[in-house]
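The values are calculated or read from the model by the stated rules, or taken from the named source; none is laboratory data. Quick caveat: nothing in here was measured; it's all calculated off a predicted structure. In this analysis, Cβ positions are derived from the backbone assuming ideal geometry, glycine residues included, and neighbour counts consider all displayed protein chains. Heavy atoms of the whole protein, side chains included, go into the accessibility calculation; ligands, DNA and RNA do not. Shrake-Rupley method; radii C 1.70, N 1.55, O 1.52, S 1.80 Å.
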Amino acid sequence: MTSTPSHAPLLSVERLSVFYDQFRAVDAIDLTVGAGEIVSIIGANGAGKSSLLKAIIGQADRIEGTIRYDGEDLAGRTTPQIVAKGIALVPEGRRLFASLSVEENLHLGWEVGRRNGLSLDEVFDFFPVLRERRRQKARELSGGQQQMVALGRALLADPKLLLCDEISLGLAPLIVDQLYKLIPAIKQRGIGILIVEQDITRSLAVADRFYCLLEGKVTLAGRPGETSRDVVMQHYFGL
Amino acid sequence: MAGALANQIIQGILLGGLYALFAVGLSLSVGIMRFVNIAHGDLIVLVSFVLLSLTSKLGLPLVLATAIVLPITFGGGYLLQRLLLQRVLGQSVLAIVLVTFGLSVIVQNALQGTYGADTRLIPGGDIVTATIHLGGGINIGVLPLTIFMSAVALVFALDRLLYRTRLGARIRAVSDNVASANLVGLKSAHIYAVAMGIVGVTMGISAAFMAVSTNFDPTSGPSRLLVAFEAVVLGGLGSLWGTLAGGIIVGVAQSIGAQFDAGWQLLAGHLVFLAVFLLRPQGLFPK
Amino acid sequence: MTSLTGKLPLVAIGRGLLGLLLAMLFAAPWIFDPAELQILTELLCLLVLAVMWNLLAGYADIVTIGQHGFVGIGCYAFYGFVVLAGVDPYLAIPLAGLTSLAFAIPSMVVVFRLRAAYLAVGTWVLAEVMMLGAGKINAFGAGLGVSLPVSVVRAFGGNIVERFTTIYWMSLALALVAMGATYALMRSSTGIGLTAMRDDEEAAGTVGVNLFRARVACFLWAAPFLGLAGALITLQKLRVAPAASFSIIDWTVYIIFIVIIGGVGSFEGPIIGTLVFFLIREYLQGWGVWHFIVLGAVSIAMVLIEPRGIWGLLRRIVPGDLIPVSHKPPRR
């Protein structure tokens, strides 16, 4: 089902369950992402999407199952180690450092990553408006600009796998359009992208494959072109 | 008369430099890690006693002893944070107050058991008595002046460290939002510990100056804590230059109070603190 | 035996022990000699202080390290009313309590502008000011302090046994009133509001719990009891002096250790803590500074391992509260 040829997928999640105390947020799911592939996870609030990304980046309380990245089992690895291996997260709600400048926020992304890949200048080419505001404090930026910084910060870590958690949340449609225009460009660089979204149209439009999550389980998986919208809606809402 | 008052004010300002030295470390831990270390003063006194041992038992000159001790204070601060304080940092107020309070009691009593209760002073040589006579009744001690200038230099250096270096950016990031820092891949526990190591170094520097300019004994810690606390709160939480200003205010208040009566020195400092605090609770330069 | 019936005996046993303790306290003047009565009196006063610190720190989220200030105010106020104002000694005791309350009111202006650990150190600053201020008043002997005149002491009994017994009864009464009244406070709407706040501050706020008022009430509640304890302590020590009456070691450091080791946020905690403290003091007395180091280390260990203290440890096997207030201290 992967779009990449014979070699193993970049990310392979096998029977993964994610727990917060006793609560099971993700229930024994299987999922893969290939290099240069865009995979969407869609689902309503509370479906377990963010928990899945947190587990991959190493911030879940407790998990069962396996997360295999680039051939390696990530069990027991800390987030700094995982990021240094080439997985970067654009967290839900941006989560910038409010009192630091745009440039400082971005540079932190570079410091924790593989210290290769994109340079600060190239990120400013992606987001020209940030270049003008590079010395401003992050808290002074608009929502859309902050999201750009969050995305730029993740890209500067030179990831092989990019995790995007609800990047459209709280932003005007025009801004979201701009952000999503970048996704294919990022894919072009061979980076695998796992996008979590509530906006079905948006994410299916850009995805190679998708999974639909409902109450922690995968209810549907396939390619956007091959699945009708009605079927997707059914599985989104669990009808 | 005016000359005498001016002299008192100047002595107060210089005294404020010493207080700022005590306070700068507290200001960092308050601003960065957002907790008040109740053992702050006691740890400074601990270093002073270590310096005392190095200078009196081993006969080392104070400057050399300090140079030896500073890396140890960095390591001490790092380990204290990493092993003990990190475990209570995210928890309730009660936990942090109690752990640092317990630490304060332990340090005071361990010092008393080791060194006895006598007050001590490290001989500083000629610099202690050297005075610059400016005329008009104004005399400036060379040691207080050196301390004051060191305080300014230290605040300047820390300010640059925090705002102009990569390490400083990392420290400020973790301080802003430790959860975000974790998500993004920063090693927050390590970064906090480095910050505490820096606090340890400031404690080492202030211990050296304190040991040579004022009497100290195992129970001197709390009074240093209170003065540091007042300087930090008056200056505005999170502002290093504010802490310097706060220290000066307390120093001047104490200096003028001491003119009435030796017993009024401390009380005057506290009363001025309360008055300024009530007028401007957020401090002079709040962040 | 099912687990349900297996539970009952432990709580009953616990309550039985408490009852025995109470009976012993009532029988004390006949069981113990005057020297032992004095120790009991002192322990009862410490219990009162512990209950109050626990109320503030464990329920009202006001962690203080300056309560010795209000104790000292009580000491000095008692002396002032009796010696300087010539008030009847028995009347001077409640007046001392009221004086502490009077000082607590302006203190709130400072205390409630600070939060968390800043509040704690702020209360310390206030206590310092009170102590230094008291040391400036010549009528009270300034820095050296002054002794209670014999005539005042005699008012509580013609001979030593009588006096110790009278003072003992007063301290027992104070301890019972302190515990009983505080218990009633915690069961009232104010107390329930505070418990709600501890469990979920946001939710409590939305339901309309006036947290500020509740915390103010607790702060003002504790002050007079601290003053009353101060008056009784002065009767025992027979003198007032800045360092002794405002002793941070006796009325703050020891108290904090008592409550932490015994168990903060419960009513059983201060009782257990006072008993444990007494034992530690008896056995470690000869260790000099080491008993402080041990107390400090045990306290830190408690905070890290079981924040609910010895009572918390016991509570892992005892299924119910002996003195039920239904309160949960903060989660680790």
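Among the numbered conditions (1) among the hydrophobic types (A, V, I, L, M, F, W, C); (2) modelled with pLDDT under 90; (3) assigned to a helix (DSSP H, G or I), the only one that C:I167 does not meet is (2). The listed residues are B:L266, B:L225, and the only one of them that is under 24 Å from C:S247 (Cα atoms), within 8 Å of chain C (Cβ to nearest Cβ), at pLDDT below 95 and buried (at least 19 other Cβ atoms within 10 Å of the Cβ) turns out to be B:L266. Scanning the range A:1-23 for residues that are out of contact with any Leu (no Cβ under 9 Å at 6 or more places or on another chain), at pLDDT 90 or above and within 18 Å of A:Y211 (Cβ to Cβ) gives A:R15, A:S17. Can we say C:I233 is buried (at least 18 other Cβ atoms within 10 Å of the Cβ) and either on the phi > 0 side of the Ramachandran plot or of a type in the set (A, V, I, L, M) (or both)? Yes, satisfied. Count, please, the residues in the range C:105-152 that happen to be surrounded by fewer than 17 Cβ atoms within 10 Å (Cβ to Cβ) and hydrophobic (A, V, I, L, M, F, W, C). Adding up the residues that qualify gives 10. Once the range B:77-105 is narrowed to residues that are away from every other protein chain (no Cβ under 14 Å) and open to solvent by less than 40 Å² (accessible area, probe 1.4 Å), the residue that is farthest from the chain's Cα centre (by Cα) is B:Q81. Which ones in the range C:22-38 are open to solvent by 10 Å² or more (accessible area, probe 1.4 Å) and touching a residue at least 12 places away in the same chain (Cβ under 8 Å)? If the condition is that a residue be open to solvent by 10 Å² or more (accessible area, probe 1.4 Å) and touching a residue at least 12 places away in the same chain (Cβ under 8 Å), then C:L25, C:F26, C:P29, C:P34, C:Q38 are the ones that fit. One residue stands out among those in the range A:107-141 that are part of a loop (DSSP other than H, G, I, E, B) and open to solvent by less than 40 Å² (accessible area, probe 1.4 Å): the one that is nearest to the other protein chains (Cβ to nearest Cβ), which is A:G113.
A quick yes/no check of all residues on (1) over 24 Å from C:V294 (Cβ atoms); (2) among the hydroxyl-bearing types (S, T, Y); (3) without any contact (Cβ under 8 Å) to a residue 40 or more places away in the chain; (4) not in a helix (DSSP H, G or I):
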residue: B:L60; (1), (2), (3), (4): yes, no, yes, yes
residue: B:V69; (1), (2), (3), (4): yes, no, no, no
residue: B:T73; (1), (2), (3), (4): yes, yes, no, no
residue: B:G77; (1), (2), (3), (4): yes, no, no, no
residue: B:R82; (1), (2), (3), (4): yes, no, no, no
residue: B:L94; (1), (2), (3), (4): no, no, yes, no
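Is at least one residue of the range C:54-61 at pLDDT below 95, in contact with a helix residue (DSSP H, G or I) (Cβ under 9 Å, 6 or more places away or on another chain) and over 23 Å from C:L275 (Cα atoms)? Yes, the range C:54-61 contains a residue that is at pLDDT below 95, in contact with a helix residue (DSSP H, G or I) (Cβ under 9 Å, 6 or more places away or on another chain) and over 23 Å from C:L275 (Cα atoms). For the range A:82-106, filtering for residues that are open to solvent by 30 Å² or more (accessible area, probe 1.4 Å), within 19 Å of A:R134 (Cβ to Cβ), more than 7 Å from chain B (Cβ to nearest Cβ) and assigned to a helix (DSSP H, G or I) leaves 1. Within the range B:112-123, is even one residue within 14 Å of chain C (Cβ to nearest Cβ) and touching a helix residue (DSSP H, G or I) at 6+ places or on another chain (Cβ under 6 Å)? Yes, the range B:112-123 contains at least one residue that is within 14 Å of chain C (Cβ to nearest Cβ) and touching a helix residue (DSSP H, G or I) at 6+ places or on another chain (Cβ under 6 Å). Among the hydrophobic types (A, V, I, L, M, F, W, C), more than 13 Å from chain C (Cβ to nearest Cβ) and not in a loop (DSSP other than H, G, I, E, B): is that true of B:V272 in this structure? Spelling it out, it is not the case that B:V272 is among the hydrophobic types (A, V, I, L, M, F, W, C), more than 13 Å from chain C (Cβ to nearest Cβ) and not in a loop (DSSP other than H, G, I, E, B). When the residues of the range A:9-51 are filtered to those that are of a type in the set (S, T, N, Q) and either more than 18 Å from the chain's Cα centre (by Cα) or outside any strand (DSSP E or B) (or both), which remaining residue is farthest from A:V231 (Cα to Cα)? The qualifying residue farthest from A:V231 (Cα to Cα) is A:Q22.
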